[in-house]
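Working notes, beginning with the structure itself.
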Amino acid sequence: MAIEKVREYLKQYGREKDIREFDASSATVELAAEAVGVEPARIAKTLSFCGREEGSCILVVTAGDRKVDNSKFKHFFGMKAKMPKGEEVEALTGHAIGGVCPFANPPRTKVYLDESMKRFQTVFPAAGSAHSAIELTCQELFQLSEAVEWVDVCKEI
């Protein structure tokens with residue numbers, strides 16, 4: 001189960017016990033915000049995109065009230081934003097849809113954090129399942145996700 005993989009991954013940072021699990025689904029921004037008890041914008045949603053090379057993946061983690069701006073994405077990454085098909089998501093990210101997160105990903109998956117989250121003291125990304133989250137500062141999220149860099153590739157919904 002991916003949440004156990006994330007728990008094991010977060011052990012190296014001493015944060016495995018900080019994962020919150022919910023009875024209710026947290027698979028969407030709205031459900032996660034309700035489960036955590038915060039405004040939807042503070043949910044750090046992880047969006048997956050096909051990488052340039054076959055079998056590679058780009059994860060963009062952004063605030064819950066943002067979506068990828070195709071023009072900004074193309075300008076930054078030098079290619080069109082293309083999301084993987086449903087059945088490809090788990091193979092590319094290591095996590096099933098609803099639990100895709102920026103932790104414990106395969107080596108060919110690179111994480112980028114969108115600037116939109118920097119307006120919050122803490123954000124809540126998923127932790128490997130559609131019933132989990134972890135509260136992190138943006139600096140902690142950058143470190144724990146082993147992000148490549150901060151980017152500005154999103155716009156308001």
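How much net charge surrounds Phe76 when only the other residues with a Cβ under 14 Å from the Cβ of Phe76 are counted, with Lys and Arg +1 and Asp and Glu -1?
Summing Lys/Arg as +1 and Asp/Glu as -1 gives +1.
Choose one of Phe120, Val151, Thr109: the residue whose Cα lies farthest towards the positive end of the charge dipole of the range 98-157 (beta-carbon charges +1 Lys, Arg; -1 Asp, Glu; about the Cα centre).
Value computed over the given set: Thr109.
Counting alpha carbon pairs within less than 8 Å and at least 6 residues apart, what relative contact order, in whole percent, applies to the chain?
Answer for the chain is 30 percent.
To the nearest 10 Å², what's Asp152's accessible area with a 1.4 Å probe?
Approximately 90 Å² of Asp152 is accessible to the 1.4 Å probe.
Could you do me a favour and compute the accessible area per residue for the chain, 1.4 Å probe, result in Å²?
That works out to 51 Å² per residue.
Taking the Cα centre of each part, how many Å lie between the range 1-26 and the range 130-157?
Here the two parts' Cα centres lie 15 Å apart.
Out of the total accessible area of the range 13-121 (probe 1.4 Å, heavy atoms of protein only), what percent is carbon and sulfur?
49 percent
For the chain, just the Cα atoms, rotate onto the principal axes and tell me the three extents in Å, largest first.
38, 29, 26
What is the range 1-66's relative contact order, in percent, from Cα pairs under 8 angstrom and six or more apart in sequence?
It comes to 20 percent, rounded to a whole number.
So in the range 1-144, what percent of DSSP beta bridges are antiparallel if you round to the nearest 5?
Close to 60 percent.
Whole-Hz ³J(HN,Hα) for each residue in the range 29-42, computed from phi via Karplus 6.51 cos²θ - 1.76 cosθ + 1.60 with θ = phi - 60°, x for glycine and proline: what do you get?
4, 5, 5, 5, 4, 5, 5, 7, x, 10, 5, x, 4, 7
Among the GluC sites (Glu not before Pro) in the range 42-110, which ones are in a DSSP loop with at most 12 other Cβ atoms within 10 Å of the Cβ? Mind listing them?
Glu53, Glu54
The values are calculated or read from the model by the stated rules, or taken from the named source; none is laboratory data. Keep in mind that what you see is a predicted model, and the values were worked out from it rather than measured. All Cβ positions, glycine included, derive from the backbone under ideal geometry; neighbour counts span all protein chains shown. Heads up: the accessible areas ignore ligands, DNA and RNA and are worked out on the full protein's heavy atoms, side chains in. Shrake-Rupley method; radii C 1.70, N 1.55, O 1.52, S 1.80 Å.
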